[in-house]
Amino acid sequence: MTFRARVIGATVGVAAVAVVIACLASFLTTRNAMLRSVDESLLQASHSSAGHLVGDDSQVTGSYFELVLANGQTVPKSNVPIDATIKRVANGHGSQVLRTVEFGGQSYRELLVPLPAKSVVGCQTGLCEIPTTSAQLFIVNITGQVNELRHLVRTLLFVAVGGLLLALGLGFALARTALHPLEEVTDEIERVAETNDMTYRVDEGGPDELGRLRRVFNRLLASVQSSQYLQRQLVLDASHELRTPLTSLRTNAQVLSRARDLSSEDLRQLTADMVAQVDELAALVTDLGELARGERSEGQPVILRLDECVDECVDTARTHARVKDITVETDVDASSVVARRDRLVRAVSNLLTNAIKFTPNGGRIRVTSRDGIVTVADSGPGIADADRPHVFDRFWRSASARALPGSGLGLSIVAQVVAELHGTVEVDRDPELGGARFVISLPTVANQ
């Protein structure tokens, strides 16, 4: 079922329920009012019948009453049918009864009032005592009122049918009017899907729900456009970065084809260069995989001891720092964060690797961690003020770093991991060591 059909069906359904309830309430109200009026007249007649002659309807306006004996005989005789209900009341086995009956093609309202044995009633000779139980039967013709009710029912049926037809027409009109803007948005979305033009933006409209849908769709288009741009840029940058080691490998492979003409020393150097270039390619491919994976890393975030992760990274970094006789100092206090362990270790390790790369031989690196804040400072040349806005860009490398090994992706991965953990990362110059100082701030949880 289409959304338009559901709107029309809901409109007609609500209108149908409202019309039926209104018609039923109108009929019941009229019927109850009519019967209440007739019943009150009958009850008034029963109260006014004392001392009147049985069958003397001239004394009781609007009704006729008679006496029904226990054997079913009536005084005076009449053509009113004496059924089981009347006989039961006349025999003292029932209480007062109000009911509607039909006979002779007419509708009547009857009131049965039981009389105990030895009741005294008016008769032609004065007052008469009835030795057995009996009943007084009051009856009034309500054929006119019943006909009016039937006419009312027919009228209400016409009103109900007319109301449903009107609701159906209004449902079509409402669905067409209400869904027209939605159809326009759908057409625009289909146009974007067909053309794949992520620069297109729909008219945001007003502050209503449809306007909100338009604004959300525009934000989605902007997000997809940004994602496509970053993907294209990543591919272009990656192809550019891969070109250099691949070209170098190709050149070395061509030289290696003349291995018999090379000395053993040149051959060893050539082989070492090729191994280094392959390692560089492998590191670049790994970093590209990290960036492409983004926040879709495996595993669920768990509560981790940040100080333990930092100590683990420092222990690994010290093995590389010994080659350059670099001292790695630590000041670590216990704190806990919610993160994926592999991603958090990768971010801290990248900062330490970057610090070792730029710290001169015999230099110092200081690592601190407390309250979710990790600081990595070195005694290297630092980062120029003009370069700081770009240090976390993909493949960006300062002029002084282009001669050093690396892909320019390490700090980008740091920024990506920190953003995934809802933290921040900043860089400035360390006032004591004089080199770069990177500060990661992460939300903490209670220590485990």
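The values are calculated or read from the model by the stated rules, or taken from the named source; none is laboratory data. Quantities reported herein were computed from a predicted structural model and do not represent experimental measurements. Quick reminder, even Gly has a Cβ in these numbers, built from the backbone with ideal geometry, and neighbours come from all protein chains shown.
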Subject >> Subset of region 428-443 that is small (G, A, S) and within 9 Å of D378 (Cα to Cα) - its residue that is surrounded by the fewest Cβ atoms within 10 Å (Cβ to Cβ) >> reply: G434
Subject >> In region 241-255, residue surrounded by the most Cβ atoms within 10 Å (Cβ to Cβ) [restricted to those that are modelled with pLDDT under 70 and not hydroxyl-bearing (S, T, Y)] >> reply: E241
Subject >> Options V54, V19, V14: the member that is modelled with pLDDT of 80 or more, in contact with a Gly (Cβ under 7 Å, 6 or more places away or on another chain) and not polar (S, T, N, Q) >> reply: V19
Subject >> Odd one out for S412, checked against (1) of a type in the set (S, T, Y); (2) modelled with pLDDT of 90 or more; (3) out of contact with any Ser or Thr (no Cβ under 9 Å at 6 or more places or on another chain) >> reply: (2)
**OP:** Using the structure shown, decide if F158 is assigned to a helix (DSSP H, G or I), of a type in the set (F, W, Y) and touching a residue at least 60 places away in the same chain (Cβ under 8 Å).
**Re:** no
**OP:** Could you tell me whether any residue of region 393-401 is modelled with pLDDT of 80 or more and either crowded, with 16+ Cβ neighbours inside 10 Å or not polar (S, T, N, Q) (or both)?
**Re:** no
Original post:
Are any residues in region 186-204 more than 25 Å from the chain's Cα centre (by Cα), β-branched (V, I, T) and part of a loop (DSSP other than H, G, I, E, B), and if so, which ones?
Top reply: T199
Original post:
How about region 63-148: which strands (runs of 3 or more DSSP E) wholly inside it have at least 2 residues that are of a type in the set (S, T, N, Q), in contact (Cβ under 8 Å) with a residue 24 or more places away in the chain and under 18 Å from S46 (Cα atoms)?
Top reply: 134-141
Subject >> Pair list, Cβ under 9 Å, 6 or more apart: region 314-333 residue farther than 16 Å from N361 by Cβ and in contact (Cβ under 8 Å) with a residue 12 or more places away in the chain, other residue assigned to a helix (DSSP H, G or I) and not hydrophobic (A, V, I, L, M, F, W, C) >> reply: T316/S349; T330/D311; V332/D307; V332/E308; V332/D311; D333/D307
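Residue-by-condition table, conditions (1) at pLDDT 75 or above; (2) hydroxyl-bearing (S, T, Y):
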{"residue": "V185", "(1), (2)": "yes, no"}
{"residue": "Y200", "(1), (2)": "yes, yes"}
{"residue": "D203", "(1), (2)": "yes, no"}
{"residue": "D208", "(1), (2)": "yes, no"}
{"residue": "L213", "(1), (2)": "yes, no"}
{"residue": "S226", "(1), (2)": "yes, yes"}
{"residue": "Y229", "(1), (2)": "no, yes"}
{"residue": "L236", "(1), (2)": "no, no"}
{"residue": "S239", "(1), (2)": "no, yes"}
Original post:
Taking region 317-361, which residues are surrounded by fewer than 16 Cβ atoms within 10 Å (Cβ to Cβ), over 25 Å from P443 (Cα atoms) and not basic (K, R)?
Top reply: T319, H320, V323, D325, T327, P360, N361
